[in-house]
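The values are calculated or read from the model by the stated rules, or taken from the named source; none is laboratory data. None of the values given here were measured: they were computed from a predicted structure. Neighbour counts run over all protein chains shown; Cβ positions are idealised from the backbone, glycine included. Please note that ligands, DNA and RNA were not included when accessible areas were found on the heavy atoms of the full protein model with its side chains. Shrake-Rupley method; radii C 1.70, N 1.55, O 1.52, S 1.80 Å.
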Amino acid sequence: MKLLLLRLSSLGDVLHTLPAMSDLAVHCPDVEVDWLVEPAFAPVVAWHPNVKNAMPFSLRALKQTPLTFPAELRQLRNTLLANHYDAVLDSQGLYKSALLSRLAGAPVSGLAADSAREPGASRLYQQRFTVPWSSPAIARNRQLFAAALKYPLPDTLPDFALAPLRRQWQDQSLADPLLQWVSRPFVIGFHATSAAWKTKEWPERHWRALASRMRVNGLNLVLPAADERERLRVASIQSGADNVIALPRLNLETLAMVMSRAQAFVGMDTGLSYLGSALGLAGVTLYGPTAVEQAHGGAQQINLQSPQSCAPCGKTRCPLPEAQNGRILCQEALDPDRVWAALSSLLESSDL
């Protein structure tokens, strides 16, 4: 059986789908899966050993060049039809993914209206499945796959199937300029989020305080800096902290290789934190305006929810008056001492 899977984005959503792919490989080993995904996340899809083809297609890029949109869709439709899929599964539940799913010319399964992010998308599916919103994202994907492909819902821990890849990266040589940054024990910090979710970001002074505690314990704090805004944040965090190191802009695979050598991570509710967890890295994830994702990681993961009375509010913009001066109280309430206590407990229990 040939199956086309659609989960276009984002990084976190793609990662949350990997355990369902592992379930599918166990229960339906004869199913051959191609995965349609935004190009930025195609490397992650290709990392899973049971994905035959990661098929990049960028709706985001086409928005910038609308005149090419019809031709690109025709080309995609021709490619999908030529692959002769037996079935299509849209696990995203958006209008855009549902519309693309119909291009393959095969029966489409997806989320029912009471389960999809955009309920109207379900009208484009031949089979619809209700998956409770109360379940974490990873569990929702596993439930949808089991229902659509008709196998028993596993009760095993989620398997991202990335552990062998992490071991491979740990044994692989990094480029010389990167070696200087990973030559001593380090924790990697995912300090930035998308511009739409700045309320998720931990204050820079808290990062400096955490770096100070790490320095006493012989640890560097390595921070990605993918764009100018992130570079400015890292420069501020580095002020007065000689153990804070800024990474240059790296592609996702090189960054994952660096992550695989870290002792642990500290991060916001963002895709890179989920990638760290999926790679089996011990970590502390901080939740302010969003709710803790109790989905995976077991004893190696500690999720800290802000004690602020209004958290989690689920809002991209903080309505409190302090936010006018750049203060996000729910993030400020996540005290560096509490974060260090959680991180050091992971480091000690892992004998790192």
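So if I place +1 on the C-beta of Lys and Arg and -1 on the C-beta of Asp and Glu, and nothing else carries charge, what would the dipole magnitude of segment 205-352 be about its Cα centre? I want it in debye, nearest 20.
Details: 13 positive and 13 negative charges, 68 e Å.
Dipole size: approximately 320 debye.
Positive end of the charge dipole of segment 205-352 (Lys, Arg +1 and Asp, Glu -1 on Cβ, about the Cα centre): tell me which of F265, L275, A226 has its Cα farthest that way.
Farthest along the dipole direction, towards plus: A226.
Please work out whether segment 232-308 counts as rounded, prolate or oblate from its C-alpha gyration tensor, where a ≥ b ≥ c are the square roots of the eigenvalues and a/c under 1.5 means rounded, while otherwise a/b larger than b/c means prolate and anything else oblate?
Numbers: a/c = 1.96, a/b = 1.25, b/c = 1.57.
Oblate is the answer for segment 232-308, as a/c is 1.5 or above yet b/c matches or exceeds a/b.
What does the extension gain come out to for A71 and V26, with contour length at 0.36 nm per residue minus their alpha carbon separation? Walk me through the numbers on the way to the answer.
Working: separation 45, 0.36 × 45 = 16.20 nm, distance 3.83 nm.
Stretched fully, the A71-V26 segment lengthens by 12.4 nm.
In degrees from 0 to 90, rounded to the nearest 10, what is the angle of the helix 336-349 Cα long axis to the longest principal axis of the chain?
70
Per DSSP H run of n ≥ 4, the term is -39500 (n - 2.57); total these for the chain, divide by its residue number, and report the mean residue ellipticity at 222 nm rounded to 500 deg cm²/dmol.
Working: 15 runs with 133 residues, N = 352.
Dividing the helical sum by the residues of the chain leaves -10500 deg cm²/dmol.
Could you give the length gained by full extension between S10 and S212, i.e. 0.36 nm per residue of separation minus their alpha carbon distance, to one decimal place? Don't jump to the answer; show the numbers that get you there.
Numbers: separation 202, 0.36 × 202 = 72.72 nm, distance 3.31 nm.
Value of the extension gain: 69.4 nm.
Please report, for the Cα atoms of segment 172-306, the Rg to one decimal and the Dmax as a whole number; what are they, in angstrom?
13.9, 40
What part of the accessible area of segment 40-113, given as a whole %, is carbon or sulfur when the probe is 1.4 angstrom? Before the final figure, lay out the partial values.
Numbers: 2140 of 3670 Å².
Answer for segment 40-113 is 58 percent, counting heavy atoms of protein chains only.
May I ask which of K63/K200; K150/K315; K52/K150 have a Cα-Cα span longer than 25 Å here?
Details: K63/K200 27 Å; K150/K315 37 Å; K52/K150 21 Å.
Pairs exceeding 25 Å: K63/K200; K150/K315.
What is the extension gain from S236 to R205, computed as 0.36 nm multiplied by their sequence separation minus the C-alpha to C-alpha distance, in nm to one decimal?
Values: separation 31, 0.36 × 31 = 11.16 nm, distance 0.85 nm.
Between S236 and R205, full extension yields an extra 10.3 nm.
Say the dipole of the chain comes from +1 at the beta carbon of Lys and Arg and -1 at that of Asp and Glu; which of W207, G120, L5 then lies farthest toward its positive end?
Farthest towards the positive end: G120.
Treating only the Cβ atoms of Lys and Arg (+1) and Asp and Glu (-1) as charged, compute the dipole magnitude of the chain about its Cα centre; round to the nearest 20 debye. Mind dumping the intermediate values first?
Details: 33 positive and 30 negative charges, 151 e Å.
The dipole of the chain has a size of about 720 debye.
Compute the convex hull volume of the Cα atoms of segment 47-132, divide it by the residue count, and report the result per residue in Å³ as a whole number.
Details: hull volume 10.1 nm³, N = 86.
Spread over its residues, the Cα hull of segment 47-132 gives 117 Å³ apiece.
Between rounded, prolate and oblate, where does the chain land on the alpha carbon gyration tensor, with a ≥ b ≥ c its root eigenvalues, rounded for a/c under 1.5, else prolate if a/b exceeds b/c? Mind showing how you got there, number by number?
On the way: a/c = 1.77, a/b = 1.62, b/c = 1.09.
Cα axes put the chain in the prolate bin.
Under the classification rounded if a/c is under 1.5, otherwise prolate if a/b is larger than b/c and oblate if not, where does segment 123-169 fall, given a ≥ b ≥ c as square roots of the Cα gyration tensor eigenvalues?
Working: a/c = 2.39, a/b = 2.14, b/c = 1.12.
Here segment 123-169 falls in the prolate category.
Under a 1.4 Å probe, what is the accessible area of the chain per residue, stated in Å²? Write down the numbers at each step before the final one.
Values: 15760 Å² over 352 residues.
Normalised by residue count, the accessible surface of the chain is 45 Å².
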